[in-house]
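The values are calculated or read from the model by the stated rules, or taken from the named source; none is laboratory data. Computed from a predicted structure; not experimentally measured. Neighbour counts run over all protein chains shown; Cβ positions are idealised from the backbone, glycine included. With ligands, DNA and RNA removed, areas are computed over all heavy atoms of the protein, side chains included. Shrake-Rupley method; radii C 1.70, N 1.55, O 1.52, S 1.80 Å.
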Amino acid sequence: ILNTFRYMMFTLTLGFLAPIVLAILLQEVSHGKIVYRTLYYLPAVMSGLVVIFMWKLFYQAGSSGILNQTLNSLASLCGLEFTPQDWLNDAKWAMLACVIPTIWAGAGPGCLIYLAALKGVPEETYEAAEIDGASKWQEFWSITLPSIMDVLKIVIVLRVIFMFKKVDEILLLTGGGPGTSTTILPLYTYKNTFESMQMGRGAASAILLMIFIFALMSIYFKLFEKEETE
């Protein structure tokens, strides 16, 4: 359960700003918006297995790994020394390594949702703020964020619910290891039920997972009902 909440908090905190910043940047692009939106959305339509194996190659241990090569080149430019890491087999980095592909694949769809919300903000509001001398940060904090707050609440709840069902990325990247450092509740349920054949333990964890999802769905429907009444 602790690993599940760690995974969820990593995903929410690191994946919170990426779609919003991307949406704001695409909103400001003057030419080729459709091309950029398509490019950022492409990871969402790729096969999940392709994405996972691509990132597994990216995280490959030793000096042949793409990430290790990239960081080594950057360290050399800065006059520093870099030791190649075994990202997926190091308990310090394994959970973060599992989170990043999820954020990368989800940034595009999340960006389009926020873009749709930003379309509802009148341009006159930003123009008035500029005339009053507001900075970009003040515009974001006082205009953009309140305008997308209701959408943001719903997206966060849906993402949390989605996280409680994630198995494939972690199963194929780390298998829940090293040790149990990346074993989250859905993966724990799968392993007990189908690998260890401990049906009672698997059923108990599945019921616990169902309770969590049901509670989060209740929050989601309350937010949705509030949106409809407003």
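Miscellaneous remarks
- Percent of Cα pairs exceeding the 14 Å cut-off, where the set is the stretch 64-103: 54 percent
- The lysines within cross-link reach of residue 56, meaning a Cα-to-Cα straight distance under 22 Å and a gap of 8 or more places when in the same chain, are 92, 165, 166, 191.
- For the chain, the fraction of 1.4 Å probe accessible surface lying on carbon and sulfur atoms is 67 percent.
- Measuring only protein heavy atoms, the 1.4 Å probe finds residue 93 accessible over about 90 Å².
- √(5λ) per eigenvalue of the Cα gyration tensor, the stretch 97-219, largest first, Å: 42, 16, 10
- Calculated over the chain: convex hull of Cα atoms, volume per residue (Å³): 163 Å³
- Expected 222 nm ellipticity per residue - DSSP helices of 4 or more, -39500 (n - 2.57), all of the chain, to 500: -23000 deg cm²/dmol
- Highest mean first, the peptides 209-215, 189-195 sorted by other C-beta atoms within 10 Å per residue fall in the order 189-195, 209-215.
- Semi-axis lengths (Å, descending) of the ellipsoid that matches the C-alpha gyration tensor of the stretch 3-46: 27, 14, 4
- One quarter of the surface of the convex hull around the alpha-carbon atoms of the stretch 76-139 equals 8.3 nm², the direction-averaged projected area.
- Per-peptide average of other Cβ atoms within 10 Å, ordering 62-68, 155-161 highest first: 155-161, 62-68
- Between residue 81 and residue 36, the modelled label-to-label distance comes to 4.2 nm, taking each label 7 Å out from Cα in the direction of the beta carbon.
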